[in-house]
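The values are calculated or read from the model by the stated rules, or taken from the named source; none is laboratory data. Here the structure is a predicted model, which means the values were calculated and not measured. For neighbour counting, all protein chains shown are included, and Cβ atoms are generated from backbone atoms with ideal geometry for every residue, glycine included. Accessible surface is based on the protein model in full, side chains and every heavy atom, while ligands, DNA and RNA are left aside. Shrake-Rupley method; radii C 1.70, N 1.55, O 1.52, S 1.80 Å.
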Amino acid sequence: MQRIETHAFIQEFPKLAAQPVDAAGQLVYTQFIDGEFTPAAGERLPTVDPVSGEQWATIARGTRDDVDAAVRAAQRAFEGGEWAAMNPSQRGAVLRRIGDLVTEHAEWLAHVEQRDNGKLSAELSMQMRYMANYYYYYGGLADKIEGTVVPTDKAGVFNYTVYEPLGVVACITPWNSPLPLASMKIAPGLAAGNTVVLKPSEFTSASLLELMKLFQLAGVPKGVVNVVTGLGAEVGEALVGHPLVARIAFTGGPEAGQRINEQAARHMKRVTLELGGKSPNIVFEDADLDNALKGAVAGIFAASGQTCVAGSRLLLQESIHDEFLARLVEIAKNVRFGHPADPDTQVAPISTEPQLRKVESYVAIAKEDGARLVAGGQRAEVPDCPKGLFFQPTIFADVNNRMRIAQEEVFGPILSVIKFKDEAEAIAIANDIEFGLAAGVWTESMPRALRMAGKVRAGTVWINNYRSTSVTSPFGGFKMSGVGRECGIAGMREYMEIKSVWLSMETNIPNPFVRR
Ligand code: NAD
């Protein structure tokens, strides 16, 4: 992926409608409701490029009325019309067409996403190409969710089950991987026959609105997918509280997740909550230490630590602690910062200014609590991108697991290193946390690896690797890391209700006063 002017790229991209530009030369993004990009009206919010530090676009600050219009359009599309009339195989075909278009436009989507959140091209190119698989996988699964004929213990009746869609699904997403996290929800939601209203992060809405151009090309009927942009406290809350929304699929921080769960509970709305983590990455003395070192780097410094599965607590066995830490510090001090589009760049900027300030605040907290700073700890100057929001890979040693830096999610490149004696202590430390999203285990002993995988309380356990995921494998959290699962067949069932149907095979109904 080359370094090019995204602004021009968006405008000149073949086949797709050019994006309007305002008097200041910035792209003007509007909402996508009932199959149309709405006219630009009302207040607007800035969209800033974290690499140049400059505003390059504006998005609409959506209102309660916009949410209502989008949800009603989605409800209409769910109840009648082209989408409602499609059988599951036809829905699958629409999804596969989206998959083809995503494949064809992967580089273009990567450019827009990079302008929004500053991620490395190397990772984005891969992510955008892979994203097509969400549409292919769930397109294929659309007509394969079978009910059952249930062998009941009641005579004279026949019982079967069917899976049905829920209705309008609200999808609320964060800024770190906007398009993949949205696609992870849109694809199973549509495959199941629902309709969707999306609310992307206010920091990174442009890429999803560009994706909607591909949905138009794919022939997705109007109202089936809608995008309302704006703030969490306004658009997000209005969506969650809307009476016609049947399910909420949320990825984001624990605070917003808790609030959404409380609001949803009042109306018994179904929820999937993919929240944060403080995942342990556990290295035993019998590990392949070269690989474990790469695993530690992948765990916390890839994507500048802005991943929900960040291995932000590195647990090192006593005997290897000092040497392993010294090698890791050496790597952290010598990473290559740079423009995320340059292939040699290893560390890209933090995606937003508020997030950068949060990262800085946790350095101060860790120092105050007595952790020992052994690498990084401040903003990085990058001559190529003087206004970029870069932060040095940061390592704290002598961390006690009860310190805030070990217990709270930072969502940045800050690693807490914790020493342990044996397996029992490693498990105790790993599980002494309110989160349970993921864990890494590094050992050459398979019996130990299996014991650890069984005892760690986390939705994903990686043995001798870190950050592997697949659309085919369920993903989600234990404890405060969330509710429900995304991906895999389990991910699609989240978007369906199971119905049990009873047919009488008798000619005369027996005594109506007695339950059969
Ligand atoms: P956030 O919770 O601040 O915002 C996420 C989204 O929710 C945004 O669109 C925001 O506008 C909206 N929102 C905020 N408050 C809301 C409310 N009260 N009602 C409805 N919507 C609301 O999170 P963020 O800063 O954008 O993203 C970082 C967080 O996302 C981290 O905690 C990270 O761990 C988490 N995350 C989790 C996963 C996962 O799969 N588990 C993946 C990526 C990111």
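Could you state the orientation-averaged shadow area of the convex hull built on the Cα atoms of the chain, in nm² to one decimal?
In nm², the orientation-averaged hull projection of the chain is 27.0.
Pop out the ³J(HN,Hα) list for region 256-273 in order, Karplus 6.51 cos²θ - 1.76 cosθ + 1.60 with θ = phi - 60°, rounded to Hz; leave Gly and Pro as x.
5, x, 5, 5, 5, 4, 5, 5, 5, 4, 4, 10, 6, 6, 6, 9, 10, 10
Using the basic label-point model (7 angstrom from Cα toward the beta carbon), what is the GLN258 to GLU318 distance in nanometres?
3.7
Can you compute 3J(HN,Hα) from phi for each residue in region 394-401, using the Karplus curve 6.51 cos²θ - 1.76 cosθ + 1.60 with θ = phi - 60°, rounded to whole Hz and x for Gly and Pro?
Each residue of region 394-401 in turn: 10, 10, 10, 9, 6, 7, 9, 4 Hz.
Given the options HIS242, ALA110, PHE301, identify the residue whose Cα lies farthest towards the positive end of the charge dipole of the chain (+1 on Cβ of Lys, Arg; -1 on Cβ of Asp, Glu).
Result: HIS242.
Distance from a point 7 Å along Cα→Cβ of ARG515 to each backbone N in region 146-177: keep the residues under 20 Å and list them by number.
151-160
Where in region 133-215 are there GluC sites (Glu not before Pro) that are in a DSSP coil and have at most 10 other Cβ atoms within 10 angstrom of their Cβ?
Here the sparse-neighbourhood loop sites are GLU146.
Quick check: Cα centre of region 490-516 to Cα centre of region 64-118, how many Å?
Here the two parts' Cα centres lie 34 Å apart.
Gap in Å between the Cα centre of region 429-479 and the Cα centre of region 14-56?
About 41 Å separates the Cα centre of region 14-56 from the one of region 429-479.
If r is the Cβ-Cβ distance from ASP65 to ASP100 and R0 is 35 Å, what FRET efficiency results, to the nearest 0.05?
0.50
For the chain, with all protein chains present and a 1.4 Å probe, just round the carbon and sulfur fraction of the accessible area to a whole percent.
Exposed carbon and sulfur together represent 53 percent of the surface.
Check which residues have an amide H placed less than 5 Å from ASP49's amide H, if you skip close sequence neighbours.
Distant-sequence amide H within range of ASP49: GLU54, GLN55, TRP56.
How much accessible area per residue does region 280-463 have, in Å², with a 1.4 Å probe?
Spelled out: the 1.4 Å probe surface of region 280-463, per residue, equals 40 Å².
So which lysines pass the test for LYS185, namely a Cα distance under 17 Å, with those fewer than 8 places away in the same chain ruled out?
Output for LYS185: LYS199, LYS269.
Ordering THR161, THR443 from largest to smallest accessible area (1.4 angstrom probe), what's the sequence?
So the residues, ranked largest to smallest area, are THR161, THR443.
How big is the gap, in Å, between the Cα center of region 256-320 and the Cα center of region 209-224?
Answer, in whole Å: 34.
Averaging sequence separations of C-alpha pairs under 8 Å and six or more residues apart, then dividing by the length of the chain, give the relative contact order as a whole percent.
Relative CO of the chain lands at 17 percent.
If all Cα-Cα distances of region 268-415 are sorted into 5 Å bins from 0 onward, what percent lands in each bin, rounded to whole numbers?
Percent of pairs per bin, in order: 2, 10, 19, 22, 20, 13, 8, 4, 2, 1, 0.
In whole Hz and in residue order, list the ³J(HN,Hα) couplings for region 365-374 that follow from phi through the Karplus curve 6.51 cos²θ - 1.76 cosθ + 1.60, θ = phi - 60°; x for Gly and Pro.
Running phi through 6.51 cos²θ - 1.76 cosθ + 1.60 with θ = phi - 60° gives 4, 5, 5, 4, 7, x, 6, 9, 6, 10 Hz.
Show ARG327, ARG76 ordered by accessible area, largest first, where the area counts protein heavy atoms only and the probe is 1.4 Å.
I get ARG76, ARG327, largest accessible area first.
Compare the peptides 290-300, 370-380 by average per-residue count of other Cβ atoms within 10 angstrom and give them in order, highest first.
The most tightly packed comes first, giving 290-300, 370-380.
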